[in-house]
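Report on one structure; see the data block that follows.
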Amino acid sequence: MSEMKKIKNLKEFSTSADRFEGANLLCPGCAHSIIVREVLNATNDDLVLSASTGCLEVCTAVYPYTSWDASWIHIGFENGSTAVAGAEAMYNALKKKGRLKQPERNPKFISFAGDGASYDIGFQWISGCFERGHNIMHVVLDNEVYANTGGQRSSSTPIGGSNTTTPAGTHSYGEKQNKKDMMAIMAAHGGPYVAQVSPNKWKDMVKKIQHGFSVDGPVFINAASQCCTEWKFDPKDTMHLADLSTDTLAWPLYEIIDGKELNITYRPKNVIPVEEYLAAQGRFKHLFKDEYKYLIKEWQERVDSNWAYLNRREEARV
């Protein structure tokens, strides 16, 4: 049976039994569980999973309980990608030696990590996996902060965000740096597939996950994971925040194939001003003070510039 025939279609996906259980200690409104469930349910194949230290890990495997109905390992903060890459290498070696009892089974190897464990602490491990060409998928649950350890900024934190290590106050508007462009960095590795997704566009997400499962080589998925605790919004508004992120183009949805071909996969019919996205989050409330309003204008200019750049890349296919 071909790889594509084994992959679930969207109708099958919507009625699948969960391999990630709902019983966990993640915050109400946390997008982590939504994303993970969609990734795991996108295939019928066996799964070998790793999770770096972070919100996902500490909230889904409180001994003696677990939310994972699949092979799963917790490894260090930084090296979840290499743990699952090691499992993939071992599987390939055993298969080559004819030591597998069921060689026709081809598990998918997936690592999950937050932005801190991907953009920062674990970056060199992910980069190494791409350089070595491991057939794995690394999924970033990007909530733009070290949410599990106290709300410190990461290199994914956008400019102006107020966090425990970059607090806004009378002498500061919060985070001073622009968010790191991990999509461009990972695409530059030349891997077969890099994609940006958001839980509100689940069909787009599933199609990208399924495409990632169908290729040979390392895959990078950057998933917006709205965090009600650190972004400071009502837990019932998670999908509203996700809609604002994609419809303001603050979190554009696109894919990059073989490090070159860029395809935009979602174009809002009505683009919303980025001001509405910022206003919906308490971490940006100080930007609406007179002395900091210029940053909202800079935000809009940066979003517009990035969207224009993505469109030029798509048109040029370079």
Among GLY169, ALA316, LEU94 - extreme Cα towards positive end, dipole of the chain, charges at beta-carbon: LEU94
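Which order, highest average first, do 223-236, 55-68, 257-270 follow once you tally other Cβ atoms within 10 Å for each residue and take the mean per peptide?
Details: 223-236: 20.3, 55-68: 16.9, 257-270: 13.7.
Result, highest mean first: 223-236, 55-68, 257-270.
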Go ahead and set up a Gaussian network model of the chain, Cα springs under 10 Å, then flag whichever of GLU255, GLU275, GLU291 fluctuates most. GLU291
Most fluctuating residue given options GLY160, GLY98, GLY116, as computed from a GNM of the chain linking Cα atoms under 10 Å: GLY98
Across bins of 10 angstrom width beginning at 0, how are the C-alpha pair distances of the stretch 100-169 distributed, in whole percent? 19, 38, 23, 13, 5, 2, 0
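Suppose every Lys and Arg Cβ carries +1 and every Asp and Glu Cβ carries -1, with no other charges. What dipole size does the chain come out with about its Cα centre, to the nearest 20 debye?
Computed about the Cα centre, the dipole is about 700 debye.
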At q = 0.13 Å⁻¹, base-10 log of I(q)/I(0) for the stretch 171-318 (Debye sum, equal scatterers on each alpha carbon): -0.63
Out of GLY22, ALA83, THR238 - ranked by how far each Cα lies towards the positive end of the dipole of the chain, with unit charges on the beta-carbon of charged residues - the top one is ALA83
Under a Gaussian network model of the chain whose springs join Cα atoms within less than 10 Å, the largest fluctuation of MET239, MET183, MET90 belongs to MET90
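Mean projection of the alpha-carbon convex hull of the chain over all orientations, in nm²? Before the final figure, lay out each step's value.
Values: hull surface 66.5 nm².
Average of the hull's projected areas for the chain equals 16.6 nm².
Taking only DSSP H segments of four or more residues, each worth -39500 (n - 2.57), what value at 222 nm results for the chain once the sum is divided by all its residues, to the nearest 500 deg cm²/dmol? Before the final figure, lay out the partial values.
On the way: 12 runs with 114 residues, N = 318.
My calculation for the chain gives -10500 deg cm²/dmol from helical runs alone.
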For ASN143, other-chain or 5+-apart residues with amide H closer than 5 Å (H placed, Pro excluded) are ASP115, SER225
Kirkwood-based Rg to Rh ratio, the stretch 82-219, C-alpha trace: 1.07
Output wanted: per-residue J couplings in Hz (rounded whole) for the stretch 283-296, from phi through Karplus 6.51 cos²θ - 1.76 cosθ + 1.60, θ = phi - 60°, x for Gly and Pro. 5, 10, 4, 5, 5, 8, 6, 3, 6, 10, 4, 4, 5, 5
Filter the cross-link list LYS176/LYS293; LYS236/LYS285; LYS203/LYS269; LYS176/LYS208; LYS180/LYS297; LYS95/LYS208 down to pairs whose alpha-carbon distance in this structure exceeds 25 Å. LYS176/LYS208; LYS95/LYS208
Sorted by Cβ density within 10 Å, fewest first, the residues TYR292, TYR193: TYR292, TYR193
Spacing of the two label points (7 Å from each Cα toward its C-beta) at GLN177 and THR164, in nm: 1.9 nm
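Subtracting the Cα-Cα distance from 0.36 nm times the residue separation, let me have the gained length for THR66 to LYS95 in nm, one decimal.
Details: separation 29, 0.36 × 29 = 10.44 nm, distance 2.92 nm.
So the extension gain works out to 7.5 nm.
All of the numbers you see were taken from the coordinates with simple rules; none came from a lab. Just so you know, these numbers come straight off a predicted model, no measurement behind them. Cβ atoms come from the backbone with ideal geometry, glycine included; neighbour counts cover every protein chain shown.
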